[in-house]
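Everything on this sheet refers to the single structure shown next.
The values are calculated or read from the model by the stated rules, or taken from the named source; none is laboratory data. Since we're looking at a predicted model, the values are computed, not measured. When we count neighbours, we look across all protein chains shown, and the Cβ atoms used for this are built from the backbone with ideal geometry, even at glycine.
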Amino acid sequence: MAGGQPSPAGQPSAAQAAGTPGAATAGAAVSLPPGEPPSSRASTQGQVGRPAAAANQREPDQKEPWIKRHAPTRNLVELGVFGGVLFPDELLELYEVDFDLEDEGHRKFDSPAPDLGLRVGYYPLAALGIEAEGKAIPFNTDNGGALGYGFGGHLLLQIPKWSLTPFIVAGMGGLGVSSPRDVVGSDVDETPYFGGGVKAYLNKRVALRVDVRDILARERIDIDRPTRSNLEVTLGLSVTLGRPKPPSDRDGDGFIDAEDRCPNEPGVAPDGCPIRDRDGDGILDPQDACPDQPGPAPTGCPILDTDGDGILDPDDQCPNEPETFNGFEDGDGCPDVVPEPVKRFTGVIDGIYFELNKAEVRPDSEPTLSRAVQILNEYPDLRVEIAGHTDNTGTEKHNLELSQERAESVKQWLVGRGVDPQRLQTVGYGFERPIDTNRTDEGRARNRRIEFRLITGAE
């Protein structure tokens with residue numbers, strides 16, 4: 001009999017203490033660095049909270065450099081206001097159609113002239129837009145003030161890689177004036193124009209814009225130069241509409257919801273789900289060979305008990321044969337039979353005597369008890385219950401106390417001869433379990449007895 005009680009079914013013995021589920025977390029293959037919150041700890045599947053598969057995804061805006069944060073995209077609409085100055089050529093011809101230069105003389109427009117306007121643009125491509133605009137220009141001439149205006153439509157080509165976006169424009173428009181005839185009268189001329197500038201997208205909605213353009217206007221005085229260049233510089237503020245919403249990532253793990261199998265739980269590559277421990281044994285599923293059955297490290301699989309005797313296979317010397325729990329070698333997991341010498345010291349033990357109505361062991365009990373010590377020493381795995389019994393003489397309480405005291409006296413006798421007290425248990429039954437009648441002296445004498453019973457490993 002191998003010492004000690006067998007391990008309860010389904011539980012590892014002391015030999016597997018280092019592999020219990022409670023220690024499995026430390027032994028799991030996933031490394032959890034100290035001081036890191038769970039959402040940032042590494043695993044063999046990726047990094048919790050920012051998976052390796054998401055390394056090439058754009059970070060949230062606040063983590064990206066501004067120069068790349070708000071680059072223009074396709075299908076944008078921009079609505080803007082602008083103001084600036086126009087530098088009209090001194091020979092600009094912007095007169096009423098029948099204005100007679102010989103009689104009325106050339107009217108010179110003061111330079112520069114302020115302008116203020118509105119602009120709308122649509123960008124079917126990130127690099128290409130179509131814009132229309134109109135503006136008011138309060139001119140001042142030799143003969144007084146004149147209300148000027150301009151309008152036009154153009155194509156805009158831009159480099160859509162940064163929040164600071166350079167562009168060029170080319171288009172066709174008109175430049176007009178409205179005033180009394182003694183000033184310049186009223187006129188509208190066609191004005192092709194071209195130029196360039198830069199936009200600065202402050203955020204997803206607002207942009208600053210600088211334009212520099214050359215507006216080509218008619219010049220009637222010098223027939224060798226039919227057009228004149230009129231420089232315009234403006235500063236604008238635009239509101240941008242139609243930017244695509246960033247893909248939703250509700251759990252913030254770097255996997256957009258459309259590609260995240262667990263959109264409400266931060267997870268790791270490849271599917272955006274957290275690393276789980278389905279069986280709750282402390283070993284995460286990727287490292288658990290039995291993810292649906294709790295078990296100790298290193299495999300995470302339960303320790304088997306093939307023969308179902310409650311002794312786990314690593315401790316069972318006969319894993320395919322159930323233990324015979326009879327009090328003899330109950331810890332080895334093998335079927336066995338109690339040896340004959342041991343059998344003779346089970347049941348009623350004749351030869352143990354006490355003083356009348358007392359618990360003191362009489363000297364003539366020594367041969368029997370000495371033989372019991374010999375058996376216990378020869379079979380050190382035996383555990384014994386010492387039971388005291390009495391006849392029915394006296395009260396129930398007195399007999400219970402007396403039977404318990406006599407069992408204790410036998411135990412102390414054996415302990416005094418070197419038997420480990422942990423191997424001995426005592427119980428007093430009084431006159432509850434007679435084996436003969438209490439109506440005769442002989443029967444009562446048989447009922448006054450000590451019994452030894454082997455304690456099985458299952459107890």
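Table for the structure above
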quantity	calculated
Some residue of segment 215-230 being under 19 Å from P114 (Cα atoms) and free of Cβ contacts under 8 Å to residues at least 40 places away in the same chain	yes
Residue within segment 421-434 that is within 19 Å of D350 (Cβ to Cβ), touching a Lys or Arg at 6+ places or on another chain (Cβ under 8 Å) and of a type in the set (A, V, I, L, M, F, W, C) present	no
Considering residues of segment 263-284 that are surrounded by 17 or more Cβ atoms within 10 Å (Cβ to Cβ) and free of Cβ contacts under 8 Å to residues at least 60 places away in the same chain only, the residue farthest from the chain's Cα centre (by Cα)	D279
Unique residue being assigned by TED's automatic domain parsing to the domain that holds G347 and more than 21 Å from V342 (Cβ to Cβ) when the list is E405, E366, E378	E405
Which numbered condition P302 misses (of (1) over 25 Å from P319 (Cβ atoms); (2) in contact with a Pro (Cβ under 7 Å, 6 or more places away or on another chain))	(1)
Identity of the residue in segment 171-217, more than 17 Å from H70 (Cβ to Cβ) and polar (S, T, N, Q), that ends up modelled with the highest pLDDT	T191
Pairs, first over 25 Å from G196 (Cβ atoms) in segment 131-148, second aromatic (F, W, Y), C-beta under 6 Å, six or more apart	F139/F109; T141/F109; A146/F139
Evaluation of A207 against (1) assigned to a strand (DSSP E or B); (2) within 20 Å of E96 (Cα to Cα); (3) among the small types (G, A, S) (one fails), failing number	(2)
Some residue of segment 343-353 being part of a helix (DSSP H, G or I) and surrounded by fewer than 17 Cβ atoms within 10 Å (Cβ to Cβ)	yes
Candidate set from segment 75-98 (those that are surrounded by fewer than 15 Cβ atoms within 10 Å (Cβ to Cβ) and in a loop (DSSP other than H, G, I, E, B)); member that is modelled with the highest pLDDT	N75
T346 under 30 Å from L424 (Cα atoms), at pLDDT 80 or above and polar (S, T, N, Q)	yes
